[in-house]
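Input: a single structure, listed below in structure tokens.
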Amino acid sequence: MELLEILVLVLSFIILLALGVPIAFSIGISALLTMLVSIAPEAAFTTLAQRMATGLDSFALLAIPFFILAGQLMNRGGIATRLIDLAKGLVGTLPGGLAYVNIVACMLFGAISGSAVAAASAIGGIMNPRMVKEGYSRPFSAAVNITSATTGMIIPPSNILIVYSLASGGVSIAALFVAGYVPGFLLGFVLMLVAGIISYKKKYPVGERTTLKEVFRKFLDAVPSLLLLIVVIGGIIAGVFTATEASAVAVLYTVILSMAVYRQVKVSDLPDILIHTVITTAIVMLLIGTSMGMSWVMSYANIPQAFSEALLSISDNKIVILIIINLILLFVGIFMDMTPAVLIFTPIFLPVVRELGVDPVHFGIIMVMNLCIGLCTPPVGSVLFVGCGVAGISISKVIRPLVPLFLAMVVALLLVTYVPELSLWLPRVFGL
């Protein structure tokens, strides 16, 4: 019976995706079909609805709409421009300086907004025209923006790390947030290294030298934006508030910053911002609800246990198993969005790696970092589509310059996978 359930679940999901059914509906329908076939046919609809509702009944999930709203306010509030100016003052005079500026600005904005798509849109919309005007190729500019935008999913605060905490059964969100810093900065560093080599070979221009006084002025201008990270993460680490409460503090702070300090957002802009927030939240929550339903179906059918036994029968070597899991997740990331992938595959893989002695916090960073690569790949890569759309270029033209940056992301993933201290050092320092 277990084999039948696996076949129904997997085949129906693949067929629905191939037919172009939205992923949230594909997940929900395939879970429902599996229940109708074998698990609870007489109460399939009621049970699935209950599991979806129960999956969404979590205080921690309240952080997601708040962080989405904060990200929307940041996107409109003039924060991107100030972070770009700061990044230009810091690294703009290096060879291929504007590529570095793009990466550093995406890291800063992504960390503050917690959204790769927002970073690709906000930073790309400003940096792509500048880079092309300075003589950089449009495909290279788009590739740099697309890959560097994903750093915001690892550097906290990050919605996807909250989702992983939920899927893992309560791994500390504070520990996950702190654990994301070093891997996130490592990812940004390897992207800067590769972008610098390409810029040097292509003889892309060097930016004008900025005086220390000018850098300091730009830093002061960006300080109110950067303070959000200190307020949110510092408050969580110090135990002043939870991650959910921190998300509400982030909204209050960004409202004051965008409307009173920078004065880029008006009261008349708020309805549109709220509508975009509601739409994005609805999409994310539908994905979470259906994914939690599928996770329950898999758990009821003992699919995670069967998968764990199959993996451990191949090898009990931690290095081999982590390679296999990374390859599977890289493949999954090509076809599936991050949220459902985390919710569906965490219950499958986490018991396996726990048995091999891998820390759940470390594995959460591995999983998120892995799936970030999928955001840059067709056919489902949301950041790839946004980055190409902002740059006004087709996907086929951006693939070639994307490959070396893509490989750099894989190298960073391998380093994080096999050097646990990159993820676990900071949480241990803060006693998390």
Quiz item: Is there a residue being of a type outside the set (A, V, I, L, M, F, W, C), at negative phi and under 19 Å from the mean Cα position of the chain (by Cα) anywhere in the range 82-99?
Solution: no
Exercise. Tell me which of these ILE123 doesn't satisfy, since it passes every other one: (1) of a type in the set (Val, Ile, Thr); (2) crowded, with 23+ Cβ neighbours inside 10 Å; (3) more than 21 Å from ALA63 (Cβ to Cβ); (4) at pLDDT 85 or above.
Key: (4)
Quiz prompt | Subset of the range 102-120 (residues that are open to solvent by less than 20 Å² (accessible area, probe 1.4 Å) and not in a helix (DSSP H, G or I)) | solution = GLY114
Quiz item: Going by the structure shown, is MET292 open to solvent by less than 20 Å² (accessible area, probe 1.4 Å), within 17 Å of THR346 (Cβ to Cβ) and out of contact with any His (no Cβ under 9 Å at 6 or more places or on another chain)?
Solution: no
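Is it the case, given these coordinates, that VAL320 is surrounded by 16 or more Cβ atoms within 10 Å (Cβ to Cβ), on the phi < 0 side of the Ramachandran plot and either out of contact with any strand residue (DSSP E or B) (no Cβ under 7 Å at 6 or more places or on another chain) or not in a helix (DSSP H, G or I) (or both)? Steps first, please.
Values: surrounded by 16 or more Cβ atoms within 10 Å (Cβ to Cβ): no; on the phi < 0 side of the Ramachandran plot: yes; either out of contact with any strand residue (DSSP E or B) (no Cβ under 7 Å at 6 or more places or on another chain) or not in a helix (DSSP H, G or I) (or both): yes.
Here the answer is no, as VAL320 does not meet what is asked.
Given the structure, is ILE256 open to solvent by 80 Å² or more (accessible area, probe 1.4 Å) and either closer than 25 Å to ASP57 by Cβ or within 19 Å of the chain's Cα centre (by Cα) (or both)? It would help to see each step written out before you state the result.
Numbers: open to solvent by 80 Å² or more (accessible area, probe 1.4 Å): yes; either closer than 25 Å to ASP57 by Cβ or within 19 Å of the chain's Cα centre (by Cα) (or both): no.
Answer is no for this residue.
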Exercise. From (1) surrounded by fewer than 17 Cβ atoms within 10 Å (Cβ to Cβ); (2) of a type outside the set (D, E, K, R); (3) closer than 25 Å to ILE288 by Cα, pick out the condition that doesn't hold for VAL403.
Key: (3)
Quiz item: Under the condition of being assigned to a helix (DSSP H, G or I) and among the acidic types (Asp, Glu), which residue from the range 190-233 is farthest from the chain's Cα centre (by Cα)?
Solution: GLU214
Practice problem: Among the residues of the range 237-253, write down those that are assigned to a helix (DSSP H, G or I), over 20 Å from the mean Cα position of the chain (by Cα) and farther than 10 Å from ALA63 by Cβ. | Solution: ILE237, VAL249, LEU252, TYR253
Quiz prompt | Count - residues of the range 302-321 that are hydroxyl-bearing (Ser, Thr, Tyr) and over 27 Å from ALA31 (Cβ atoms) | solution = 1
Practice problem: Identify, by number, the condition in (1) closer than 18 Å to LEU329 by Cβ; (2) in a helix (DSSP H, G or I) that ARG400 doesn't meet. | Solution: (1)
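Go through LEU220, LEU252, LEU227 for me and flag whichever is over 20 Å from ASN75 (Cβ atoms), of a type in the set (A, V, I, L, M, F, W, C) and free of Cβ contacts under 8 Å to residues at least 40 places away in the same chain.
Working: LEU252 fails: over 20 Å from ASN75 (Cβ atoms); LEU227 fails: over 20 Å from ASN75 (Cβ atoms).
Being over 20 Å from ASN75 (Cβ atoms), of a type in the set (A, V, I, L, M, F, W, C) and free of Cβ contacts under 8 Å to residues at least 40 places away in the same chain holds for just one of LEU220, LEU252, LEU227, which is LEU220.
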Exercise. With the checklist (1) under 17 Å from VAL332 (Cβ atoms); (2) free of Cβ contacts under 8 Å to residues at least 12 places away in the same chain in hand, flag the one item PHE13 doesn't pass.
Key: (2)
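Could you tell me which of the residues VAL353, VAL358, VAL342 is aliphatic (A, V, I, L, M), within 25 Å of the chain's Cα centre (by Cα) and outside any helix (DSSP H, G or I)? Walk me through it before giving the result.
On the way: VAL353 fails: outside any helix (DSSP H, G or I); VAL342 fails: outside any helix (DSSP H, G or I).
None of the others qualify; the one that does is VAL358.
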Practice problem: Looking only at the range 262-283, decide whether some residue is open to solvent by less than 40 Å² (accessible area, probe 1.4 Å), within 21 Å of the chain's Cα centre (by Cα) and within 25 Å of LEU343 (Cα to Cα). | Solution: yes
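Scan the range 303-320 for residues that are closer than 17 Å to GLY169 by Cα and polar (S, T, N, Q) and report the count.
1
Specify which of the listed residues (GLY152, GLY169, GLY135) is open to solvent by less than 10 Å² (accessible area, probe 1.4 Å) and modelled with pLDDT under 85. Steps first, please.
Working: GLY169 fails: open to solvent by less than 10 Å² (accessible area, probe 1.4 Å); GLY135 fails: open to solvent by less than 10 Å² (accessible area, probe 1.4 Å).
Just a single option satisfies the conditions, and that option is GLY152.
The values are calculated or read from the model by the stated rules, or taken from the named source; none is laboratory data. Treat the numbers as computed from the prediction; the structure is a model and nothing was measured. Every residue, glycine among them, receives a Cβ derived from its backbone with ideal geometry; neighbour counts consider all protein chains shown. In case anyone asks, the SASA skips ligands and DNA or RNA and just uses the protein heavy atoms, side chains included. Shrake-Rupley method; radii C 1.70, N 1.55, O 1.52, S 1.80 Å.
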